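Right, one structure below, let's go through it.
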Amino acid sequence: MKSKRPRLLEAALAGAVVLLLLAFHAVRISAQGEESALSGLWKLEGERSTDIDPWRECTYDIRQEESQLTLVKTLRASRYYQRDSISVIPDDQEREAPITPGKWMEQVHMGARVEAGSTRLVRARWEEGGKVLYLQSRETVQTSQGDAPVIIERRFHISEDGTTMALTEARSTRTAGSPLVYDFSRVE
Amino acid sequence: MKPIHRLRQLFTGAVFFLILPSGCEAPDQPAETHMAYKMKLSGDWRIDGDLPTQALLISLQGVANEDGPQLYLVYPEDWPYNYTPHLLEYLDKERNFTFKEIQSPVEALAKLKWNAKGYVVWDRSERTSLIVAFTAAGLEDAVVVSEEQIPLAEGAGLKMIEDFRGKFTGMSDLEIYQWAYDRYWHRCDQGFLTYMGGVGGDQMMPGIADYGMYRNSFFTDLSADPEDTLEFAMTNRILSEMNPLSLVLGWHSYVKDTEAQHISLLSSYQIRQEGLNTYPNMSFMTHVPLEEGFVFRNNHNVDPDSVLVPEPKVYITCIQTDGLGIGAYHKPGRGQVPYAWEVTMIWLETAPVMLEYFYKISTPNDYFIGSLGGPTYMYPKPTPREALPKMISIADSLRRRLDLRVFEIMDYSEGNRYMGNIDLPKEVVDAYYEGMPDVLGFINGYGPAYTFDMRDGRPFLSYDYYLSPDRPDADAIGDLKELATLNDLRPYYLVMHVRESSDIQRVKGILDGLGPEFEVVPLDVLLRMAAHTPTSATRYLTQ
């Protein structure tokens, strides 16, 4: 009978190489000019995340160009989708940035929307030695009574092996409901 | 009953040997005006399942009810219009109907074939052939059968009128409907069109087919998606040959286009839509008159001119949309909290006893409102601007007769609850204010919308929240509290759309979790308070 040992050895070596590559990917973070470990396409793991109804899918496509990070969030449900793109330089300086107009993407079933031509003030920085990207957005939404200010804080936390990303959110206006916690898996 | 049918029955009596051994009685017609038959349907609507039987019975219903209410079908519990057992009980106890139960299609044919002149065979391998078969059956007073049911029809003494087996094989829907159009359209009542849409694929739920047949309508599921250029063109051709204010029955096909595309296109022709494809028993109910002396009385909570001074708190009100008869009306909890219900106003024309039933079983907490956009479901933005006042005027007339003081508008022609806008420009808002001068107020939207106004003490509000059936209760509570934070003026008037698949017990649980700052009030109370102390910002759709 042919021994299975060589095949097992090959598999173990292959696994080790993959882990090494992922670890290498994970440590290339934070410093300006280097590719962030956040870079890539991330897909929400719905069962481990706060409900996003009415959406069924959520992705973050994060790209780096020199010191600038661009985060593109896409929400999908059947044939419908919404997309918001935000570009930041993680130097803790507040800058004005455009915001996608229309229904407020944080929860489209709430009576809040973003007027066309609106901007937001965004501030980003690395935390925990470059493992966490902190992103703050100060924006104004239209409601039935008029304009309302909102501060949204997001923390993108990448895992040690670079395969998962945890996102926690806090909104100045949200005082109840489930904690806004989302788990993503790397797609590419 | 038509006398000629009696004669033919004598001649066809020889075939009864196929039926009598099955244990059925000989054919008899109900002797009294209020004697009728009832029959339970299964919950299987698959082409390879019970659909052939369901289609046969529904088509038989369309034929049998031609001259009066003869056959009432009891749909399964999970049918979207879940009231059929309850309405049956009402007819029995309150309207002097006596129902004999029919157990099998054989028995149904034996007892109710009086008006049937024959049968039309549809092809189970070509789903669209059943839709065409309903057109043919309506025009020819026939029942629809699959190949396997031919002996059953022959055994009942019926003769084949059309045979669609293999006729449409390899043809596109467009080609099939073109054939049907050439053959039948000129004979159809062009004041009606039946959309046999809804579910697609290996199922069909043709609850409305009896009424479409009764109206001699053309049946279709042609697309209203402009990208489907050929079907779209044919849809336009058919609609263009119908008169304004014609009625489309049924529902669009979920696999071909969207509700927004469908209603937008109909509205552009001033054609009214009354859905869904699952509407049950309309050919029966259309014959039942209102109870003598019955007057529609809504459950008002305030006088129209009353002055209500609100407190500095959050007032929330609940509206269930999608029309009467669907959703929570027959589920536990109704009456426990104030609830507003969209009224299917067109029933006043087509089956007023349906409205009598829902009004009579209402509780003081059930408040009825007029809907939706016009005399039935229509969008005001695609409706030709010059035609809008007339549509609103007709809706206003229905509204008054039904004692409805609030009117609801929905327009998905430029968006939906996911994206785009569902708002109205000022000139459309003007048209409603002018056409309905004495309403308490208007509600706009489905998902949240941003059209708000206040004129002469009549608020025009939009939904501020859509309570999704899939949203966890804790998160819905979080959403509503967040809205109360975002809207920090008090009073804050929060109009919540409750999707029909949420029952009232669930909604009550959410409302109970909102805390003391919130107060649940009936819609008319909220509107009168908003009239006294408005806090919404006037806003219209601007291009």
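Can we say B:ASP403 is under 24 Å from the mean Cα position of the chain (by Cα), farther than 17 Å from B:GLY374 by Cβ and surrounded by fewer than 24 Cβ atoms within 10 Å (Cβ to Cβ)?
Details: under 24 Å from the mean Cα position of the chain (by Cα): yes; farther than 17 Å from B:GLY374 by Cβ: yes; surrounded by fewer than 24 Cβ atoms within 10 Å (Cβ to Cβ): yes.
For B:ASP403, the condition - under 24 Å from the mean Cα position of the chain (by Cα), farther than 17 Å from B:GLY374 by Cβ and surrounded by fewer than 24 Cβ atoms within 10 Å (Cβ to Cβ) - is met.
Quick check on this structure: which one of B:LEU494, B:LEU523 is more than 14 Å from every other protein chain (Cβ to nearest Cβ), surrounded by 22 or more Cβ atoms within 10 Å (Cβ to Cβ), more than 20 Å from A:MET105 (Cβ to Cβ) and touching a residue at least 12 places away in the same chain (Cβ under 8 Å)? Full working, then the answer.
Details: B:LEU494 fails: more than 14 Å from every other protein chain (Cβ to nearest Cβ).
Matching residue, one of B:LEU494, B:LEU523: B:LEU523.
Condition first: within 11 Å of another protein chain (Cβ to nearest Cβ), out of contact with any Ser or Thr (no Cβ under 8 Å at 6 or more places or on another chain) and crowded, with 21+ Cβ neighbours inside 10 Å. Can you find one or more residues in the range B:437-446 that meet it?
Scanning the range B:437-446, I find no residue that is within 11 Å of another protein chain (Cβ to nearest Cβ), out of contact with any Ser or Thr (no Cβ under 8 Å at 6 or more places or on another chain) and crowded, with 21+ Cβ neighbours inside 10 Å, so the answer is no.
In the range B:468-485, how many are open to solvent by 10 Å² or more (accessible area, probe 1.4 Å), free of Cβ contacts under 8 Å to residues at least 40 places away in the same chain and either at the interface with chain A (Cβ under 7 Å from one of its Cβ atoms) or more than 14 Å from B:GLY447 (Cα to Cα) (or both)?
Result for the range B:468-485: 7.
Is there any pair with a first residue in the range B:83-103 that is within 19 Å of B:GLY327 (Cα to Cα) and assigned by TED's automatic domain parsing to the domain that holds B:PRO280 and a second that is open to solvent by 60 Å² or more (accessible area, probe 1.4 Å) and assigned to a helix (DSSP H, G or I) whose Cβ atoms are under 9 Å apart and which are 6 or more apart or on different chains, and what are they?
Hits for this filter: B:TYR90/B:LYS360.
State whether one or more residues within the range A:118-125 are β-branched (Val, Ile, Thr), more than 14 Å from chain B (Cβ to nearest Cβ), in a strand (DSSP E or B) and over 13 Å from the mean Cα position of the chain (by Cα). Spell out the reasoning first.
Narrowing the range A:118-125 to residues β-branched (Val, Ile, Thr): A:119, A:122.
Next cut, more than 14 Å from chain B (Cβ to nearest Cβ) only: A:119, A:122.
Remaining after also requiring in a strand (DSSP E or B): A:119, A:122.
From the residues that got through so far, the ones that are over 13 Å from the mean Cα position of the chain (by Cα) too are A:119, A:122.
Checked against the condition, which is being β-branched (Val, Ile, Thr), more than 14 Å from chain B (Cβ to nearest Cβ), in a strand (DSSP E or B) and over 13 Å from the mean Cα position of the chain (by Cα), the range A:118-125 yields at least one hit.
Just need a number here: residues in the range B:355-380 that are part of a loop (DSSP other than H, G, I, E, B) and surrounded by fewer than 24 Cβ atoms within 10 Å (Cβ to Cβ). It would help to see each step written out before you state the result.
Within the range B:355-380, the subset part of a loop (DSSP other than H, G, I, E, B) is B:361-365, B:371-372, B:374-376, B:378-380.
Next, from what is left, pick out any that are surrounded by fewer than 24 Cβ atoms within 10 Å (Cβ to Cβ): B:361-365.
Residues flagged as part of a loop (DSSP other than H, G, I, E, B) and surrounded by fewer than 24 Cβ atoms within 10 Å (Cβ to Cβ) within the range B:355-380 amount to 5.
Only residues that are within 13 Å of chain B (Cβ to nearest Cβ), assigned to a loop (DSSP other than H, G, I, E, B) and in contact with a strand residue (DSSP E or B) (Cβ under 9 Å, 6 or more places away or on another chain): list them for the range A:134-184, please.
The answer is A:SER144, A:GLN145, A:SER172, A:THR173, A:ARG174, A:PRO179.
Name the residue that is most open to solvent (accessible area, probe 1.4 Å), counting only residues in the range B:150-195 that are among the basic types (Lys, Arg) and assigned to a loop (DSSP other than H, G, I, E, B).
Just the residues of the range B:150-195 that are among the basic types (Lys, Arg), to begin with: B:159, B:165, B:167, B:183, B:187.
Next, only the ones that are assigned to a loop (DSSP other than H, G, I, E, B) stay: B:159, B:165, B:167.
Numbers: B:LYS159: 122, B:ARG165: 91, B:LYS167: 90 Å².
Filtering the range B:150-195 for residues that are among the basic types (Lys, Arg) and assigned to a loop (DSSP other than H, G, I, E, B), the one most open to solvent (accessible area, probe 1.4 Å) comes out as B:LYS159.
Could we say that B:TYR418 is part of a loop (DSSP other than H, G, I, E, B), within 14 Å of chain A (Cβ to nearest Cβ) and touching a residue at least 60 places away in the same chain (Cβ under 8 Å) here?
Numbers: part of a loop (DSSP other than H, G, I, E, B): yes; within 14 Å of chain A (Cβ to nearest Cβ): yes; touching a residue at least 60 places away in the same chain (Cβ under 8 Å): no.
No: the conditions fail for B:TYR418.
Is there any pair linking a residue in the range B:110-131 that is in the same structural domain as B:ALA156 (by TED's automatic domain parsing) and of a type in the set (Gly, Ala, Ser) to one that is open to solvent by less than 10 Å² (accessible area, probe 1.4 Å) and not in a loop (DSSP other than H, G, I, E, B), with Cβ under 6 Å and at least six apart or on different chains, and which?
B:ALA116/B:VAL63; B:ALA116/B:VAL143; B:GLY118/B:ALA142
Which of (1) touching a strand residue (DSSP E or B) at 6+ places or on another chain (Cβ under 8 Å); (2) more than 20 Å from B:LEU41 (Cα to Cα) does B:THR128 not meet, given it meets every other one?
(1) is the only condition that B:THR128 fails.
Name every residue in the range B:46-67 that is open to solvent by less than 10 Å² (accessible area, probe 1.4 Å) and assigned to a loop (DSSP other than H, G, I, E, B), in order of residue number.
The answer is B:ASN65, and nothing else.
Hey, among the residues in the range B:447-467 that are more than 10 Å from every other protein chain (Cβ to nearest Cβ) and under 20 Å from B:TRP341 (Cα atoms), which one's most open to solvent (accessible area, probe 1.4 Å)?
Result: B:ARG458.
For the range A:35-90, enumerate the residues that are open to solvent by 20 Å² or more (accessible area, probe 1.4 Å) and touching an Asp or Glu at 6+ places or on another chain (Cβ under 6 Å).
The answer is A:LEU41, A:GLU45, A:ARG48, A:SER49, A:ASP51, A:GLN64, A:VAL72, A:LYS73, A:ARG76.
Could you check the range B:421-436 and list, in sequence order, the residues that are touching a Leu at 6+ places or on another chain (Cβ under 7 Å) and within 14 Å of another protein chain (Cβ to nearest Cβ)?
Matches in the range B:421-436: B:ASN421, B:ASP423.
The values are calculated or read from the model by the stated rules, or taken from the named source; none is laboratory data. Since we're looking at a predicted model, the values are computed, not measured. When we count neighbours, we look across all protein chains shown, and the Cβ atoms used for this are built from the backbone with ideal geometry, even at glycine. Remember, those area values only see protein heavy atoms, side chains included, never the ligands or the DNA or RNA. Shrake-Rupley method; radii C 1.70, N 1.55, O 1.52, S 1.80 Å.
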